[in-house]
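Below: the structure, in structure tokens.
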Amino acid sequence: MLCLFTASAISANPLGHDLFQQATAAYQSGDFTQSASLFHECAALQPASGTLQNLGNAEWQNARVGPAILAWEQSLWLDSFNEPARLNLRFARKSAQLEPPDLAWFEVVSTWLPVNYWAWLTGVSLWVAIGMITLPGILRLRKAAWHQAIAAVGLMVFLLTLPAHLGVHGRSRIGFVLQPETPLRLTPTMESQVLTRLPAGQPARVEQVRGNYVLARAGTLGHRGWIERERFALVCAGRL
């Protein structure tokens, strides 16, 4: 069963607020197509984890597995603490018999915090370390043991965030198949041999973009081929 969307997703933008209210009303009345369209507009106007969670709910009710999973993944990309979106993904993948993305250890680490948090944590920890090293000399203060301890902690936190940044970059190349029975082709042409057909919601890692196609590696079996861009979208919107 899907987790219900929450009012916390309502945008502070007046237009976004109106769109959110209209989308919510459409969802509650059972007009899931209209609800999905409005939530999509709201997310495009001001991306928010809650709005994307709601968009995923509406798309799932429309039996659009690929866009639903993409929306929930994008919700977690913005806010890894969004437990309802995580539960929805687990439920959807179990229902559709889909696998989650195959992540390296540093990519798993990068999911522990929202992507924007890592940048702040890196910057703050670095400047704390630099400050504790340089400020006592600038202010002509006697360097105490606690200055060195704080500097060491700041430097340690800074170094620990570096694998997470690498993981964020790696996850930004992960996307999801939007349409059922999407052909995975040998070459980036419509006349090319079809290697296999991918289900909606299948994760794949992009390696290259050429024209209207992306070269991607899909699934734990490592199927590698070309997918039409209109049938595929990255979790990090705007990278294709």
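Computed from the coordinates by the stated procedures, all read-outs in this text should not be read as laboratory data. It should be emphasised that the depicted structure is a prediction, and the values quoted were computed from it without experimental measurement. Quick reminder, even Gly has a Cβ in these numbers, built from the backbone with ideal geometry, and neighbours come from all protein chains shown.
So what's the projected area for the stretch 106-171, the Cα convex hull averaged over all directions, in nm²?
Mean shadow area of the hull around the Cα atoms is 4.4 nm².
State to the nearest 20 debye the size of the charge dipole of the chain about its Cα centre, where the only charges are +1 on K and R beta carbons and -1 on D and E beta carbons.
860 debye
Within 10 Å of each candidate Cβ there may be at most 14 other Cβ atoms; applying that plus a DSSP loop requirement, which chymotrypsin sites (Phe, Trp or Tyr not before Pro) in the stretch 64-108 survive?
Sites meeting the loop and neighbour criteria: PHE81.
Run through the stretch 137-221 and list the trypsin sites (Lys or Arg not before Pro) located in a DSSP loop whose Cβ has at most 15 other Cβ atoms within 10 Å.
Answer in residue order: ARG140, ARG142, LYS143.
If exposed GluC sites (Glu not before Pro) are those in a DSSP loop with at most 16 other Cβ within 10 Å, what is the longest stretch of the chain that has none?
For GluC sites (Glu not before Pro) (loop position, at most 16 other Cβ atoms within 10 Å), the longest site-free span of the chain is 1-180.
Lys/Arg Cβ at +1, Asp/Glu Cβ at -1, dipole of the chain taken about the Cα centre: which of PRO203, PRO183, VAL109 is farthest positive-ward?
My answer, from the dipole projection, is VAL109.
Using 0.36 nm per residue, how much length does the chain from ILE138 to GLU207 gain when fully extended, once their Cα-Cα distance is taken away?
Once the chain is fully extended between ILE138 and GLU207, it gains 20.0 nm.
Rounded, prolate or oblate, given the Cα gyration tensor of the stretch 174-234, with a/c below 1.5 counting as rounded?
rounded
Would you kindly give the portion of the calculated P(r) for the stretch 7-96 that falls above 17 Å, as a percent of all Cα pairs?
Considering the stretch 7-96, 41 percent of its Cα-Cα pairs are separated by more than 17 Å.
Relative to the longest principal Cα axis of the chain, at what angle does helix 115-138 sit, 0 to 90 degrees, rounded to 10?
Taking Cα atoms only, the helix is inclined about 10 degrees.
Enter the angle in degrees (range 0 to 90, nearest 10) between the Cα long axis of helix 14-28 and the first principal axis of the Cα atoms of the chain, meaning the one along which they spread out most.
Once rounded, the angle reads 50 degrees.
Determine, from the Cβ-Cβ distance of PHE91 and GLN28 and an R0 of 25 Å, the FRET efficiency 1/(1 + (r/R0)^6), rounded to the nearest 0.05.
0.80
Specify the residue with the greatest mean-square fluctuation among ALA216, ALA164, ALA25, computed from a Gaussian network of the chain linking alpha-carbon atoms under 10 Å apart.
Of ALA216, ALA164, ALA25, the most mobile in the Gaussian network model is ALA25.
Compute a Gaussian network model of the chain, connecting alpha carbons closer than 10 Å, and tell me which residue from LEU178, LEU162, LEU78 fluctuates the most.
Judging by the Gaussian network model, the answer is LEU162.
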